Amino acid sequence: MAKFYITTAIDYSNGDPHLGHALEKVGADCIARYRRLRGDQVHFLMGMDEHSQSVIQAAARANVTPREWVDRMATTFADYWRRLECSNDDWIRTTEPRHVRGVVALLERIQQRRPDDLYVADYEGLYCTGCEEFKQPAQIANGHCIEHPTLDLIATKERNHFFRLSAYSQRLLQLIATGALGVEPAIRRNEVVRLIEDGLQDVSISRQRLPWGIPFPGDPDQTVYVWFDALINYLSATGFPEPGYERLWPADLHVVGKGITRFHCVIWPAMLLAAGLELPRVVWAHGYVQWEGKKMSKTAGTVVNVRTAIERYGPDALRYFLMREVGFETDGDFTWDRFDARYTADLADTFGNLVSRALSMVQRYRDGIVPDDSRGGAGSRRDSPLERAARETLTGYTRAMDAQQLQQGAALVIEFASRGNRYVEETAPWKLAKAKRDAELDTVLADLVRSVARLAILAGPFIPEKAREIWSLLGGERLFDAVTLADFAELSVGGQRVSKPPPPFPKPPPA
């Protein structure tokens, strides 16, 4: 059983989550659930970034302390991710003692191993509180941060601690070129390589006299810069620096947004190199959810309320739409019209239709008992159209999901359901029943129920609640959470008592 440690970016606790946050968390959850289906030993980390200037500002606006504010926001975010069925094994907050311990330990380790990599100097620049970052000229357009064009940049001059990032350019380029540090998809890898080739500048890793943050070791007048602090959560969550943290580290996959690749693919690996620690295997940088061509952003006001989107058709429908329509590589638009269309065409008319038809016909023609299809063994079924479709689907599905191509994986689930619906039309079970062709009808019904079971397995990463409900209707003894892809080929359904389902995805009433 292979270890698979997957993380998401930790979110600023300065306002409620939007669909951009949801895309990342749902996408990472789909990957984690798929990896469990593969039989991997998965550890899935999510969390909150609680030390930032934006938190101080948000708390002041709400007339509460920063601690009261982050406690409130941590509950809000965690509740949203539970509603979206995220299956994370751990939830870390950067105000936790285990994280503070990890930050201090990493800084001390760099100081001991590479003392010349840390130094003190004056810094003057333009600071974006939305990014919590000093911006370079290439990151500024019309006097504003490209990522947060509605915010004013703050001119800041401080004496800070610096990390000698410039010393790591060639090493990072070599690691990326050899694949030792994976940066995916390719478009993001090319961007990161160009960034490094343009020349890396040393980075400030402390802020002066901020009242909210981790004190810089040996310098109580400084706090650790939020981005240096935040990146270490992936390591501190493993128990670092205590013995045994290597059970999880290194991370196998960091899932982040494309706007923070500089931190995750340049600064973070350099920090780990300086500390003499293993690098993450792969960083996957997804695109943005857009609304009318603009990035969804709390500061820009282009936000679709996650609660409203969930309540429209339920959490599974939103999960599916984000993966299938928006995707997990490039930017994609969210519109209510597209959401409605995908829900109706894919989930109600295709996926839900097959489940309802297959199980209802077993009720109608065989009193709810799936016909025994074990006679002749599995080999006798290999030429069934649905058996061939199942093999082809599984091959394409595993190839797509192994490569984090979640949009393609979701599409293959619906294509398999569509093939099942065509099979119903081709075999016409109602005609077989009327003509008393019982053996043929038994084969067709068993094929259909087996396909529904397989559909539940493949759909589990995308629509876990509905997939589990459908599995429970099939009457088998195996618990859904214990099923793996290894069970896919030889599923036996004969003799199981199925329940007549309500529509898994009921159609909305006419407008």
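The values are calculated or read from the model by the stated rules, or taken from the named source; none is laboratory data. Keep in mind that this is a model prediction, so the values were computed, not measured. Cβ atoms come from the backbone with ideal geometry, glycine included; neighbour counts cover every protein chain shown. Surface areas here come from the heavy atoms of the whole protein model, side chains and all, with no ligands, DNA or RNA. Shrake-Rupley method; radii C 1.70, N 1.55, O 1.52, S 1.80 Å.
The set of residues in segment 397-436 that are over 18 Å from ALA459 (Cβ atoms), more than 23 Å from the chain's Cα centre (by Cα) and open to solvent by less than 70 Å² (accessible area, probe 1.4 Å) comprises VAL424, THR427, ALA428, PRO429, LEU432, ALA433, ALA435.
So which residues in segment 199-253 are over 20 Å from ALA121 (Cβ atoms) and without any contact (Cβ under 8 Å) to a residue 24 or more places away in the chain, if there are any at all? Don't jump to the end; show me each part of the working.
Of segment 199-253, the ones over 20 Å from ALA121 (Cβ atoms) are 211-212, 214, 230-253.
Correct list: GLU242, PRO243, GLY244, TYR245, GLU246.
Filter segment 141-153 down to the residues that are open to solvent by less than 40 Å² (accessible area, probe 1.4 Å) and part of a loop (DSSP other than H, G, I, E, B), then identify the one that is farthest from TYR123 (Cα to Cα). Result: HIS148. Out of curiosity, is ILE414 among the aliphatic types (A, V, I, L, M), touching a Ser or Thr at 6+ places or on another chain (Cβ under 9 Å), under 25 Å from ILE369 (Cβ atoms) and modelled with pLDDT of 95 or more? So ILE414 fails the test. On the basis of being in a loop (DSSP other than H, G, I, E, B), among the small types (Gly, Ala, Ser) and open to solvent by less than 10 Å² (accessible area, probe 1.4 Å), does ALA251 make the cut? Criteria met by ALA251. Which members of segment 154-166 meet the condition of being in contact (Cβ under 8 Å) with a residue 40 or more places away in the chain and open to solvent by less than 50 Å² (accessible area, probe 1.4 Å)? GLU158, ASN160, HIS161, PHE162, PHE163, LEU165, listed by residue number. Please determine whether any residue of segment 71-93 is crowded, with 21+ Cβ neighbours inside 10 Å, more than 23 Å from the chain's Cα centre (by Cα) and not in a loop (DSSP other than H, G, I, E, B). No, every residue in segment 71-93 fails to be crowded, with 21+ Cβ neighbours inside 10 Å, more than 23 Å from the chain's Cα centre (by Cα) and not in a loop (DSSP other than H, G, I, E, B). Assigned to a helix (DSSP H, G or I) and open to solvent by less than 70 Å² (accessible area, probe 1.4 Å): does that describe GLY102? Yes. Taken over segment 437-477, the criterion of being more than 17 Å from PRO502 (Cβ to Cβ), basic (Lys, Arg) and either modelled with pLDDT under 95 or assigned to a helix (DSSP H, G or I) (or both) is satisfied by ARG450, ARG454. Among the residues making up segment 314-372, those that are in a helix (DSSP H, G or I), open to solvent by 10 Å² or more (accessible area, probe 1.4 Å) and more than 24 Å from SER472 (Cα to Cα) are ARG324, GLU325, TRP336, ASP337, ARG338, ASP340, ALA341, ARG342, ALA345.
Here SER169 meets each of (1) surrounded by 12 or more Cβ atoms within 10 Å (Cβ to Cβ); (2) in contact with a strand residue (DSSP E or B) (Cβ under 8 Å, 6 or more places away or on another chain) with one exception, condition (2).
In segment 25-49, how many residues are open to solvent by 10 Å² or more (accessible area, probe 1.4 Å) and within 11 Å of the chain's Cα centre (by Cα)? Break it down into steps so the answer makes sense when it comes.
To start, the set of residues in segment 25-49 that are open to solvent by 10 Å² or more (accessible area, probe 1.4 Å) comprises 33, 35-43.
Those still in the list that are within 11 Å of the chain's Cα centre (by Cα) too: 33.
The qualifying residues number 1.
If you go through segment 34-62 and keep only what is assigned to a helix (DSSP H, G or I) and under 20 Å from ALA74 (Cβ atoms), you end up with GLN53, SER54, VAL55, ILE56, GLN57, ALA58, ALA59, ALA60, ARG61.
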